[in-house]
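What follows is a set of notes on a single structure, which appears directly below.
The values are calculated or read from the model by the stated rules, or taken from the named source; none is laboratory data. Bear in mind that the values here come from a model prediction, so they are computed numbers and not experimental data. Here the Cβ positions follow ideal geometry from the backbone for every residue, glycine too, while neighbour counts run over all protein chains shown.
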Amino acid sequence: MIDERLERELERAARPAAPDVGALVDDVVRRRARRAAARRIQAGAVALVVTAAAFGAFVVVQARTTATIAPGGSPSSTVPQAAPPLRLGFPTCDVTSVPITVDGTHGFAYVATKADDGPCPKDGDTVVAVDVNGDGRADASAGPFGDCSYGCKAWAAPDVNGDGTSEVAVSNAGADGYGISLYAVTGGADPSIRSISVADPEGLGFIRVDPRAYDPMQFAWVDVVGRFDDARCGALPDGSRTLVVDDGDKLGANAAVRSTVLVLRGTTATVVDATHATMPLADAPLPGNEMCGVPVFAGTPSPDSPAQTASAPQP
């Protein structure tokens, strides 16, 4: 076999062979096909890398987006994302919740209406309750509210005074916006949630302070033609955190803003200052989607709870 192949090779070397045009064409076609296949493989690899990178970025964005904003204003993925069913000692309906932090422990605040055998009653007893450790059991409650015919909801859980424990804001829908009531939470061996009242010993503020009519503390959250109301956090020169309640009139391109500055200690918010200023409307403290660094309108529907046989704090 080897000798025969050598003889053939010598014969071809001895006489020039006519060029095989068909073979040349076939070779060119094969080379082009190989180059095209290589380009397709390279393009596929690049596309795979880009897709993987995009998917990784999407996962990171999703992880950042779903992280709950912890009370105090910083994102925290350790905050529970969904509240467990509320155990309050009686059946509930129209339950909403917001995450809270009490003494460094994550829990939930709930607003719920006492259920009966029919549809959720519009004028039923509605309470606010707190679960300070996230086990779904109400550790304390307050209420019932006077009027929730338009729907009281868990609104937000800002840390108004900066002590590391959330306050609870409850919203009541109105014609133009929302009325917000504010409650203080304590933890420890005997957790509680209690209404916050307002004191204005020097008569400085622009907000209502009569505890007989406005306990808990109330303020509006409104942005309509001609006026607005909101609340935000500020600070005193010594660094103490304050709650600033604003109401303003929109005057074309300007706004007349009245601001009441309060310091919260325990369950009393004391007026310490008030200002009245005219400023460009673009600089005015119009209500947005957060209060003191946490989302508002953040009350999420929670599972309604059946009747419980275990004892629980009663409103």
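What number of residues within the range 150-176 are assigned to a loop (DSSP other than H, G, I, E, B), touching a Ser or Thr at 6+ places or on another chain (Cβ under 9 Å), surrounded by fewer than 23 Cβ atoms within 10 Å (Cβ to Cβ) and not β-branched (Val, Ile, Thr)?
5
Looking at VAL127, VAL95, VAL102, can you tell me which residue is buried (at least 21 other Cβ atoms within 10 Å of the Cβ), in contact (Cβ under 8 Å) with a residue 12 or more places away in the chain and over 22 Å from GLY151 (Cβ atoms)?
VAL102
Return the total of residues in the range 130-142 being surrounded by fewer than 24 Cβ atoms within 10 Å (Cβ to Cβ) and touching a Ser or Thr at 6+ places or on another chain (Cβ under 9 Å).
Number satisfying all stated conditions: 6.
Using beta carbons and a limit of 6 Å, which pairs, at least six apart or on different chains, have the first residue in the range 265-286 and outside any strand (DSSP E or B) and modelled with pLDDT of 95 or more and the second one surrounded by 15 or more Cβ atoms within 10 Å (Cβ to Cβ) and of a type in the set (Phe, Trp, Tyr)?
LEU286/PHE228
Could you tell me whether any residue of the range 138-149 is closer than 21 Å to MET291 by Cβ, touching a Leu at 6+ places or on another chain (Cβ under 9 Å) and touching a residue at least 12 places away in the same chain (Cβ under 8 Å)?
Looking through the range 138-149, none of the residues is closer than 21 Å to MET291 by Cβ, touching a Leu at 6+ places or on another chain (Cβ under 9 Å) and touching a residue at least 12 places away in the same chain (Cβ under 8 Å).
Going through the range 184-212 one residue at a time, which ones are within 19 Å of ASP229 (Cβ to Cβ) and in contact with a Ser or Thr (Cβ under 7 Å, 6 or more places away or on another chain)?
ILE196, GLY205, PHE206, ILE207
Are any of the residues in the range 204-222 at pLDDT below 95, acidic (Asp, Glu) and over 20 Å from VAL130 (Cβ atoms)?
The answer is yes; a qualifying residue exists.
Considering only residues that are under 28 Å from the mean Cα position of the chain (by Cα) and not hydrophobic (A, V, I, L, M, F, W, C), look in the range 244-257 and name the one that is surrounded by the fewest Cβ atoms within 10 Å (Cβ to Cβ).
Step by step, filter the range 244-257, then rank; the result is ASP247.
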